[in-house]
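Structure, as structure tokens:
Computed from the coordinates by the stated procedures, all read-outs in this text should not be read as laboratory data. These numbers come from a predicted model, not from an experiment. No Cβ is skipped: glycine too gets one built from the backbone with ideal geometry, and neighbour counts run over all protein chains shown.
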Amino acid sequence: MHTSMSDHWDRSLVKIGASALMLCAVILPAGSFAGIPFKHMAYFFCCAALFICWFRGSKIDSAYLSLTIASLLFVVFFMLIGSFRATSPFYYIFAEGTSFISTISVVLIILMANSFNAIEDKEVVLVMFYGVLIFSLWKFVASLLLYLHVISFASLMAFFEKYLGYTPVTLEMPGGFQRLTFSGQDLGVLIFLFLLPAYPAIFSKIPRFFRIIFMITGTIAIITHYSRYFFIFLAILWFYLFLFKLSFKQRLLVSSVVVVILSLSFPWLIEAYELRFKSNMTAGSDITRLYQIAALLAGWEDTPILGGGIGYYAKDYVRLMYFYEVQWVAFLAKLGMVGIIYLVFLVSLLFYKILAGKRSLDHYVLAFILLFTLSSGFVNPLLLSAMSSTLYVLPLMVASILRKELISQVADTTTSRTV
């Protein structure tokens, strides 16, 4: 009895730590508020709780432990290469190395906790939903205060920098609105704008009021994100939702609402389309990415096998402390073919977990969501953060829930036939 109670408390600590880690990653762009590193505190708490569980005999999947050790050695190896080449200061090499380690380890921490039932599939999804709900609410409030001129743009940016430790990408939008881009968090919102109406059974325990509020504030969050890439992705997901998830009556209702909204906002949409798809500013942004690709590929050609190491940058194109939107090409220059092969191996494991076993069309859609998340690294630096880790795990958890439902349906059918 004592052992059982101890095991229960150990798992509860892991659940609390994993939940706190996901919430901090999803709600806070830099994982901290007012200088307090909540995300790091949750990370170390969760690691300690996992270690206690393992030390007391809980079975942790050996594959996850092996991947953790291999990934740590992988990052240290390329940090050493970067240090020997000394193309950037060591503090930057260390910071970038820790971002690789934290991104990979957060994925593995959540999967470890899930593997011995410390936190269930649905609990992971629901914790993340409440995180994106809170994020979309505070972003909506910030956008509304700006639009109503209750606070100035400069004051809001100063608040973000001081308390969130993060400065969003901004731009004046048509109609007096202001772009506020929190890339990772906004992508999480976008994915839930599809998951919530597509799989209502998963979210059935969430009060209807919260779901409606999220659909409103989440849509506004994506509009104020103001990304061509996001708009196209959301349109594809909602088109799938329209074709395969809605009844005929629901399609008629949605079509009517869309027609009304498009009619009322048509002038704004035309102006927004011109600005985001055809303006000189947009063309300049695309050309910048092409310059980055050319410079990074030129650097990679000098050391194609092992790359320049973590911390490497293209000397022909340095931007904002070695910052590149084309993150996958930057990885190639830093890690070479050997490093890219290992990253592709890790990514392949994610797709395998989504598609392995019994599956439906929805599993391929979830694989597409993961593919989009990873592909965003060609246009925005979204791939290395705890927030990104949660987005890598999310399709896996939803796929597992749907697979269990499929297996349950098959079992029920078999039982009814036997009877």
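Proximity of backbone amide H atoms, modeled 1.01 Å from N, is registered between Leu171 and Arg179 at under 5 Å, excluding neighbours fewer than 5 places apart on the same chain. Annotation: extensible slack from Arg208 through Glu161 equals 13.5 nm (criterion: 0.36 nm per residue apart, minus Cα-Cα distance). Ranked by the mean number of other Cβ atoms within 10 Å of their residues, highest first, the peptides 351-357, 96-102 come out as 96-102, 351-357. Here the residues Asp7, Asp186, ranked from fewest to most Cβ neighbours within 10 Å of their Cβ, fall in the order Asp7, Asp186.
Please tell me which of these pairs span more than 22 angstrom C-alpha to C-alpha: Lys59/Lys205; Lys205/Lys353; Lys139/Lys162; Lys353/Lys404; Lys15/Lys139; Lys122/Lys205?
Too far apart for the 22 Å limit: Lys59/Lys205; Lys205/Lys353; Lys15/Lys139.
Here the Karplus curve 6.51 cos²θ - 1.76 cosθ + 1.60, taken at θ = phi - 60°, turns the phi angles of segment 180-190 into couplings of 10, 10, 10, 3, x, 4, 5, 5, x, 4, 4 Hz, with x standing for Gly and Pro.
With a cut-off of 15 Å, note down the residues of segment 69-108 whose backbone N falls inside the zone around a label point 7 Å from the Cα of Phe345 toward its beta carbon. 69-78, by backbone N distance to the label point. Close amide-amide hydrogen proximity is noted between Leu306 and Met337, each under 5 Å apart and 5 or more residues distant or on a separate chain (H modeled in the peptide plane; Pro and chain starts excluded). Scan (1) 19.1; (2) 21.1; (3) 24.3 for the value of mean projected area of the Cα convex hull in nm² calculated from this model and give just the label. Checking each listed value against the structure points to (3). With θ taken as phi - 60° and the Karplus curve 6.51 cos²θ - 1.76 cosθ + 1.60 applied, the whole-hertz 3J(HN,Hα) list for segment 230-240 is 5, 4, 5, 5, 5, 4, 5, 5, 5, 5, 4 Hz, x standing for glycine and proline.
List the relative contact order of the chain as a percent without decimals, with contacts defined as Cα pairs under 8 Å and 6+ residues apart. Provide the component values of the computation, followed by the final result.
Numbers: 470 pairs, mean separation 87.2, N = 419.
After rounding, I find 21 percent.
For His40 and Phe90, calculate 0.36 nm times their separation in residues minus their Cα-Cα distance, and state this gained length in nm to one decimal.
Values: separation 50, 0.36 × 50 = 18.00 nm, distance 2.13 nm.
Length gained, His40 through Phe90: 15.9 nm.
Simple point charges give the picture: +1 on the Cβ of Lys and Arg, -1 on the Cβ of Asp and Glu, and for the chain a dipole about the Cα centre of about 800 debye.
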